[in-house]
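Asker: To start, I am sharing the structure in question, which I have written as structure tokens.
The values are calculated or read from the model by the stated rules, or taken from the named source; none is laboratory data. These numbers were taken from a predicted model, which means no experiment stands behind them. For neighbour counting, all protein chains shown are included, and Cβ atoms are generated from backbone atoms with ideal geometry for every residue, glycine included.
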Amino acid sequence: MSVLYAEFKGSQQFLGVPTAIPNLSLTIPEGANTTALVILNVPASYAIIAQFTSGRGGKFNIAVDGTILPEYAEYDYLNAIGSQNMPVRMPATLVVAVPMVLKQQKVVGLAMNCIIDSTASLSVIT
């Protein structure tokens with residue numbers, strides 16, 4: 001068993017479409033008849049509140065070799081809270097099993113409709 005790890009530290013907005021989170025990219029080694037466990041952890045992002053989000057909050061995906069997987073993690077913002085309480089930070093963790101193949105695969109963490117200004121991480125366990 002081996003563990004790969006990448007970390008984002010900084011501040012960035014992610015608007016409208018799934019966008020790669022800086023530094024959250026890893027390469028899964030080649031393999032056969034096994035899977036890699038991929039974990040995207042965003043412990044404290046907050047939603048961008050705008051007309052184009054239609055009340056949706058942050059959404060997170062994982063892409064493998066440029067293809068966005070159907071699994072996702074998402075949160076909505078609460079309309080009932082007052083603006084003095086914004087931003088409300090929400091945790092999101094996405095865990096997927098990726099079949100290993102006879103070539104290396106690039107795995108990327110993606111975000112949209114949120115601001116991340118704390119750490120976030122991408123881990124792969126093979």
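Asker: Could you tell me which residue of the range 8-27 is surrounded by the most Cβ atoms within 10 Å (Cβ to Cβ), considering only residues that are closer than 18 Å to Ala44 by Cβ and small (Gly, Ala, Ser)?
Answerer: If we take residues in the range 8-27 being closer than 18 Å to Ala44 by Cβ and small (Gly, Ala, Ser), then Gly10 is surrounded by the most Cβ atoms within 10 Å (Cβ to Cβ).
Asker: If you don't mind, another one. Among the residues of the range 21-35, is any more than 20 Å from Val3 (Cα to Cα) and either modelled with pLDDT under 90 or among the small types (Gly, Ala, Ser) (or both)? Show your work before the answer.
Answerer: Quick first cut of the range 21-35, residues more than 20 Å from Val3 (Cα to Cα) only: none.
No: the range 21-35 contains no residue that is more than 20 Å from Val3 (Cα to Cα) and either modelled with pLDDT under 90 or among the small types (Gly, Ala, Ser) (or both).
Asker: I've got another one for you. Test Ala50 against the criterion of being more than 16 Å from the chain's Cα centre (by Cα) and either modelled with pLDDT under 85 or on the phi > 0 side of the Ramachandran plot (or both), and give yes or no. So that I can check it myself, show each step before the final result.
Answerer: Working: more than 16 Å from the chain's Cα centre (by Cα): yes; either modelled with pLDDT under 85 or on the phi > 0 side of the Ramachandran plot (or both): yes.
Spelling it out, Ala50 is indeed more than 16 Å from the chain's Cα centre (by Cα) and either modelled with pLDDT under 85 or on the phi > 0 side of the Ramachandran plot (or both).
Asker: Which residue pairs have Cβ atoms closer than 7 Å, lie 6 or more positions apart in sequence or on different chains, and pair a first residue in the range 1-22 that is touching a residue at least 40 places away in the same chain (Cβ under 8 Å) and under 16 Å from Lys106 (Cβ atoms) with a second residue that is exposed (fewer than 14 other Cβ atoms within 10 Å of the Cβ) and not acidic (Asp, Glu)?
Answerer: As it stands, the answer is Pro18/Ile68, since those pairs meet every condition given.
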